[in-house]
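Below is one structure, written out as structure tokens; the observations come after it.
The values are calculated or read from the model by the stated rules, or taken from the named source; none is laboratory data. On a predicted model such as this, the values are computed, not experimentally measured, just so you know. Please note: Cβ atoms are built from the backbone with ideal geometry, for glycine as well, and neighbour counts cover all protein chains shown. Ligands, DNA and RNA are excluded from the accessible area calculation, which covers all protein heavy atoms including side chains. Shrake-Rupley method; radii C 1.70, N 1.55, O 1.52, S 1.80 Å.
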Amino acid sequence: MRQRGFTILEVLVALVITSIGLIGLVGLTMTSAKNNQSAYQRSQASWMAYGIIDCMRANRTAAQNGAYNVALGSTPSGSGIANTDLTVWEQSLSNTFPAGKGAVTVQSGIATVTVSWDDSRGLGTLNANGFVGNAAQSVTIESLL
């Protein structure tokens with residue numbers, strides 16, 4: 001008489017093969033989530049760079065006179081609308097990004113805006129000492145005023 005159905009050994013082999021496949025999917029999902037976060041941060045950096053460019057266009061005379069020029073990581077100084085715009089922008093960068101900073105230069109009517117942040121979670125590689133690699137990321141936008 002023949003038996004029908006599966007033996008316990010066949011079930012265990014099928015379970016091991018399925019588990020290996022699921023472990024691969026979990027790794028793929030984690031890599032996808034990290035890359036998605038990095039892409040989101042690059043998009044946010046672009047939007048924030050264009051935001052300060054729009055502020056400079058609204059206050060074009062001050063921008064062309066250098067009122068919006070600020071180095072990466074420095075605190076805006078001065079008074080008036082330009083200082084307020086830069087202070088709010090720098091605060092937004094530090095609230096949105098880990099170690100978020102910005103720089104603005106205007107020369108000959110061309111504005112160059114750089115947004116920099118730490119992306120070690122998304123782009124670093126894991127080794128025995130933790131995340132290492134090129135964690136500093138930046139987006140630079142140039143635009144006519």
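When each of Q37, Q64 is tested for being touching a residue at least 40 places away in the same chain (Cβ under 8 Å) and farther than 29 Å from D118 by Cα, the lone residue that passes is Q64. Is at least one residue of segment 25-40 open to solvent by 90 Å² or more (accessible area, probe 1.4 Å) and more than 30 Å from F97 (Cα to Cα)? No, there is no match, as no residue in segment 25-40 is open to solvent by 90 Å² or more (accessible area, probe 1.4 Å) and more than 30 Å from F97 (Cα to Cα). Only one entry in G109, G66, G78 is open to solvent by 50 Å² or more (accessible area, probe 1.4 Å) and at positive phi, namely G78. State the number of residues belonging to segment 85-106 that are open to solvent by less than 30 Å² (accessible area, probe 1.4 Å), aliphatic (A, V, I, L, M) and within 16 Å of A58 (Cα to Cα). Residues flagged as open to solvent by less than 30 Å² (accessible area, probe 1.4 Å), aliphatic (A, V, I, L, M) and within 16 Å of A58 (Cα to Cα) within segment 85-106 amount to 3.
Screening I20 with (1) open to solvent by 40 Å² or more (accessible area, probe 1.4 Å); (2) outside any helix (DSSP H, G or I); (3) not charged (D, E, K, R) gives one miss only, at (2).
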